[in-house]
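The values are calculated or read from the model by the stated rules, or taken from the named source; none is laboratory data. This structure is a prediction, so every number in the text was calculated from the model and none was measured. Backbone-built Cβ (ideal geometry, glycine too); neighbour counts: all protein chains shown.
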Amino acid sequence: MTHLFDKPDTFAADAMRGYCDVHARTVRLTQGGVLRATPTPQGKVAVVVGGGSGHYPAFAGYVGQGFADAAVTGDVFASPSTRFIRSVAVKAHRGAGILLGYGNYAGDVLNFGMAAEQLRGDGIDVRPLAITDDVASAPADNQARRRGVAGDLAVFKIAGAAAEAGKPLDEVERLARLANARTRSFGVAFAGCTLPGAEAPLFAVPPGQMAIGLGIHGEPGIEETPILGASEIAALLVQRLLDEVPAQAGQRVAVILNGLGSTKHEELFVLWVAVAALLRDAGLTLVAPLVGEFMTSLDMEGCSLTLTWLDDELEPLWLAPCDTATLRIGADEGLVSVEAVPDVAEEERTSWPPASTASAAQGRLIADGMAFLAAALASAEDELGRIDAKAGDGDHGQGMTRGSTAAAAAAQAAATAGAGAASVLGAAADAWADRAGGTSGVIWGLGLRSASQCLSDEAPVDAGQVAAGAKKALDSITALGGAKPGDKTLVDALDPFVRTLSASVDAGLPLAAAWAAASKEATRASDATARLTPRLGRASIIAERSRGHRDAGAVSLALAASTIHALLDFPT
């Protein structure tokens, strides 16, 4: 269990401040993550990596000369927001383009993907790369669905070395993709991890059992078996990887034996004896193997094995010097730190477009609604987390609380400054996305931002505009994530809500009555998700465990709809 924290919702930020203070020679703190503290020449490709916190040394521990130039860090097990990814990447950019590296998780894919599009709009060449090394998370013929685990280290190390050598962005991307295609990982767990402030682990392994094929966000394994001895576990790990030797692979491999948080080095060294013997018996040559903690999951008990099949291009990059807080390879010559450049935080917005008296009044109403919604979601946090943990990582309740609390504060600040309805809702949207992170953060941020574009700061908001805003939110969310009704996501509740709201408004019902009908449909649809099997996201990997349980995203959407109905007071 995680014991050392002051407030659960600031755990990740507090840890990052401490890390950067201890390792000031290597990294410096910036809003949303960390930057390399060593000189970076103009014309060098920037390697920017990132993901949720709770996995130390990933991702901030990978930043330093010869490795990554920056890391963007979200809250525990939650993707960093689009805005912070973009901000950190811009600060790391040196004119030669950016490689964005992250694990293949829905929130990361959405947020890093949106940030890449925005950076391209700024004229920066950006190449996103989702790492897909976990053989347990999807079959061999569908590797694009696999999640990224400890293989992140190998791929990012090779990409960082290529960039440090002065290779152009096309080459850095090609080599990183080659490394990803040649990397395989598999893991086991003996006990689940516990989020800061939580009273129980995200999942439990029965006494005397171990979970096989676990995920680093606390996702349950794909099966359970009685705990094996070290030699038997080694055989299991090695065989699952040797069953998937990449095409055209040679006999030289980089090896990472990774502890997940509570499995100690002595245990890993015992396991290594058997792992190394099996790999050598298979005719493999082990190149600079690593044993230790490189991709953890808070206090999870367990380990994973990663192999990267090397060739004449990849091996020199794997062996190239680097200087980070947690990995130092090669001689110290040339690895020089410089005085940190002061980081300037982005200023909070204080001015807004002119608003009419009526729109400003509705802006205050939206701010009140956000505060009311934040309180409701905070009350439901534990229940939403419990639902999410059935087939996910259990952090949905925390993410919704963080996002809605930030949205309420931003909306209140905008409304106090006299902003109109569109601006107040837009401010809430951006704050939600920034603070919540993860999949729910980008979805709710995008949905609210899209809805705000159908409102006005000048004319009063009417029922038609509200219905149009809900429709635009649905269209934006489905276009971004690809979800459709039946996939067991938030869309299963949002789609009937939007259809009912639009039909009711078109029929001439007052907004309050139309919203009430739509809210009822959303609640019905969210309850019906218990019968569905997830087809998207990490829950789809262990889909059968989700059957019989409602989808957390759909439940929180229905809760939000019913909560806001109580405060509706727009002109009809």
- Would the range 506-528 turn up any residue that is crowded, with 24+ Cβ neighbours inside 10 Å, touching a residue at least 24 places away in the same chain (Cβ under 8 Å) and of a type in the set (Val, Ile, Thr)? no
- Item | Count of residues meeting criterion [of a type outside the set (Lys, Arg) and more than 25 Å from the chain's Cα centre (by Cα)] in the range 453-485 | 18
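Identify all residues within the range 439-467 that are assigned to a loop (DSSP other than H, G, I, E, B) and among the small types (Gly, Ala, Ser); write none if there are none.
Initial filter on the range 439-467 (assigned to a loop (DSSP other than H, G, I, E, B)): 453-462.
Selection gives 456, 459.
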- Message: Any residue at all in the range 319-328 that's at pLDDT 95 or above and either under 29 Å from residue 235 (Cα atoms) or of a type in the set (Gly, Ala, Ser) (or both)?
- Response: yes
- Output for the range 470-516, where each listed residue is over 14 Å from residue 526 (Cα atoms), in a loop (DSSP other than H, G, I, E, B) and among the hydrophobic types (A, V, I, L, M, F, W, C): 483, 507, 509
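For residue 338, are the conditions met, namely being in a loop (DSSP other than H, G, I, E, B), modelled with pLDDT under 95 and under 28 Å from the mean Cα position of the chain (by Cα)?
Details: in a loop (DSSP other than H, G, I, E, B): yes; modelled with pLDDT under 95: yes; under 28 Å from the mean Cα position of the chain (by Cα): no.
For residue 338, the condition - in a loop (DSSP other than H, G, I, E, B), modelled with pLDDT under 95 and under 28 Å from the mean Cα position of the chain (by Cα) - is not met.
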- Item | Scan of the range 71-103 for residues that are of a type in the set (S, T, N, Q), in contact with a Ser or Thr (Cβ under 9 Å, 6 or more places away or on another chain) and surrounded by 24 or more Cβ atoms within 10 Å (Cβ to Cβ), ordered by number | 73, 79
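Looking only at the range 1-43, how many residues end up being outside any loop (DSSP other than H, G, I, E, B) and either among the acidic types (Asp, Glu) or more than 23 Å from the chain's Cα centre (by Cα) (or both)? Talk me through it step by step, then tell me what you get.
The first filter runs over the range 1-43 and keeps only residues outside any loop (DSSP other than H, G, I, E, B), leaving 8-22, 27-30, 33-36.
Right, trim to either among the acidic types (Asp, Glu) or more than 23 Å from the chain's Cα centre (by Cα) (or both) and you get 9, 14, 21-22.
Going through the range 1-43 one residue at a time, the tally reaches 4.
Could you check, for the range 179-189, whether at least one of its residues is buried (at least 19 other Cβ atoms within 10 Å of the Cβ) and in a loop (DSSP other than H, G, I, E, B)? Break it down stepwise before answering.
As a first pass, look at the range 179-189 and keep what is buried (at least 19 other Cβ atoms within 10 Å of the Cβ): 179-180, 182-189.
Next cut, in a loop (DSSP other than H, G, I, E, B) only: 182.
Checked against the condition, which is being buried (at least 19 other Cβ atoms within 10 Å of the Cβ) and in a loop (DSSP other than H, G, I, E, B), the range 179-189 yields at least one hit.
Name the residue that is nearest to residue 173 (Cα to Cα), counting only residues in the range 119-143 that are of a type in the set (A, V, I, L, M, F, W, C) and either without any contact (Cβ under 8 Å) to a residue 24 or more places away in the chain or crowded, with 18+ Cβ neighbours inside 10 Å (or both).
Step one: of the range 119-143, the residues of a type in the set (A, V, I, L, M, F, W, C) are 119, 124, 126, 129-131, 135-136, 138, 140.
Narrowing further to those that are either without any contact (Cβ under 8 Å) to a residue 24 or more places away in the chain or crowded, with 18+ Cβ neighbours inside 10 Å (or both): 119, 124, 126, 129-131, 135-136.
Working: 119: 17, 124: 15, 126: 10, 129: 8, 130: 12, 131: 12, 135: 22, 136: 25 Å.
Looking at the filtered set, the residue picked out is 129.
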- For the range 311-319, does any single residue satisfy the condition of being closer than 30 Å to residue 395 by Cα and either among the charged types (D, E, K, R) or surrounded by fewer than 14 Cβ atoms within 10 Å (Cβ to Cβ) (or both)? no
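Just to be sure before I move on: is residue 367 within 22 Å of residue 562 (Cβ to Cβ), of a type in the set (Gly, Ala, Ser) and crowded, with 24+ Cβ neighbours inside 10 Å in the structure I sent? So that I can check it myself, show each step before the final result.
Working: within 22 Å of residue 562 (Cβ to Cβ): yes; of a type in the set (Gly, Ala, Ser): yes; crowded, with 24+ Cβ neighbours inside 10 Å: yes.
So residue 367 fits the description; yes.
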- Checklist (1) free of Cβ contacts under 8 Å to residues at least 12 places away in the same chain; (2) over 26 Å from residue 235 (Cβ atoms); (3) not aromatic (Phe, Trp, Tyr) applied to residue 163, failing item: (1)
- Looking only at residues in the range 254-300 that are among the small types (Gly, Ala, Ser) and either in a helix (DSSP H, G or I) or modelled with pLDDT under 95 (or both), which one is surrounded by the most Cβ atoms within 10 Å (Cβ to Cβ)? 297
- Task: Identify, from the list 288, 276, 282, the residue that is small (Gly, Ala, Ser) and out of contact with any strand residue (DSSP E or B) (no Cβ under 8 Å at 6 or more places or on another chain).
- Result: 282
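Only one of these is part of a helix (DSSP H, G or I) and over 30 Å from residue 238 (Cα atoms): 143, 118. Name it. Explain how you work it out, then say what you get.
Working: 143 fails: over 30 Å from residue 238 (Cα atoms).
Residue meeting the stated conditions: 118.
Give the range 523-547 a look and list any residue that's touching a helix residue (DSSP H, G or I) at 6+ places or on another chain (Cβ under 6 Å), modelled with pLDDT of 70 or more and in a helix (DSSP H, G or I), or say none.
Here is the first cut: in the range 523-547, the residues touching a helix residue (DSSP H, G or I) at 6+ places or on another chain (Cβ under 6 Å) are 523, 525-526, 529, 533-534, 537, 539, 546.
Remaining after also requiring modelled with pLDDT of 70 or more: 523, 525-526, 529, 533-534.
Result: 523, 525, 526, 529.
Return the only residue of 437, 418 being in the same structural domain as residue 553 (by TED's automatic domain parsing) and surrounded by 24 or more Cβ atoms within 10 Å (Cβ to Cβ). So that I can check it myself, show each step before the final result.
Details: 418 fails: surrounded by 24 or more Cβ atoms within 10 Å (Cβ to Cβ).
Only one candidate qualifies: 437.
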- Item | Residue list for the range 38-55, filter: touching a Leu at 6+ places or on another chain (Cβ under 9 Å) and touching a residue at least 60 places away in the same chain (Cβ under 8 Å) | 38, 45, 46, 47, 49, 50, 54, 55
- Message: Looking at the range 317-332 only, could you name the residues that are over 26 Å from residue 18 (Cα atoms) and free of Cβ contacts under 8 Å to residues at least 12 places away in the same chain?
- Response: 331
- Message: I need a count of the residues in the range 430-441 that are closer than 23 Å to residue 385 by Cβ and either at pLDDT 90 or above or small (Gly, Ala, Ser) (or both).
- Response: 8
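From 456, 452, 404, grab the single residue that is touching a residue at least 24 places away in the same chain (Cβ under 8 Å), farther than 18 Å from residue 362 by Cβ and hydroxyl-bearing (Ser, Thr, Tyr). Full working, then the answer.
On the way: 456 fails: farther than 18 Å from residue 362 by Cβ; 452 fails: farther than 18 Å from residue 362 by Cβ.
Result: 404 is the single residue among 456, 452, 404 that is touching a residue at least 24 places away in the same chain (Cβ under 8 Å), farther than 18 Å from residue 362 by Cβ and hydroxyl-bearing (Ser, Thr, Tyr).
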- How many residues, within the range 368-401, are touching a residue at least 60 places away in the same chain (Cβ under 8 Å), in a helix (DSSP H, G or I), of a type outside the set (D, E, K, R) and over 17 Å from residue 443 (Cα atoms)? 5
- Message: Out of everything in the range 104-118 that is over 19 Å from residue 214 (Cα atoms) and touching a Lys or Arg at 6+ places or on another chain (Cβ under 6 Å), what residue ends up being surrounded by the fewest Cβ atoms within 10 Å (Cβ to Cβ)?
- Response: 118
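State yes or no: is residue 366 outside the structural domain of residue 11 (by TED's automatic domain parsing), of a type in the set (Val, Ile, Thr) and under 24 Å from residue 452 (Cα atoms)? Steps first, please.
Values: outside the structural domain of residue 11 (by TED's automatic domain parsing): yes; of a type in the set (Val, Ile, Thr): yes; under 24 Å from residue 452 (Cα atoms): yes.
In short, yes.
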